[in-house]
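To start, the structure under review is shown below, and the notes come after it.
Just so you know, all these numbers are worked out from the coordinates, no wet-lab data involved. A quick note: this is a predicted structure, and the numbers were derived from the prediction, not measured.
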Amino acid sequence: MKKQLDMSKIAKGLGAERRGKVSAKGGYFGALELFAAVEARFRVPDGGGRATDPEWTERRLVALAPATLRRLATLAAKVRKRGGVQVAPMQLAALLLEKTAEQLSEKDTERLLRKRAR
């Protein structure tokens, strides 16, 4: 088991101040963050089968454009190739949806609603 880093202690040692979580939105660092999330969260169920996030208990149908599904399939293939983690395109979609929903602030939501009302 890896030892967890104490970020507050590190910041204090550097004379810095913690101001919150920073998250990559896209590009190379966003891809690395996504890959790390798949590795950290996906587990093979006790009875066997495809690895998944054990906290996912809700199942819903999500309509997608064919181009979006192809892009998800390409991304999932890259994750499988890079780390050997078996991830399906729709599992990747669920992870991306969660990450995006977590990052949206109330202000972002209000801005989206204002744009829609125009």
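Observations on the model:
- Whichever aspartates and glutamates have a C-alpha closer than 20 Å to that of LYS81, once near sequence neighbours (fewer than 8 apart) are set aside: GLU33, GLU39, ASP53
- For the stretch 59-66, Karplus couplings with θ = phi - 60° (6.51, -1.76, 1.60), whole Hz, Gly/Pro x: 10, 9, 8, 10, 7, 9, 6, x
- Taking amide H atoms as placed 1.01 Å from N in the peptide plane, the amide H of THR52 lies under 5 Å from those of ARG43, VAL44, each 5 or more residues away in sequence or on another chain.
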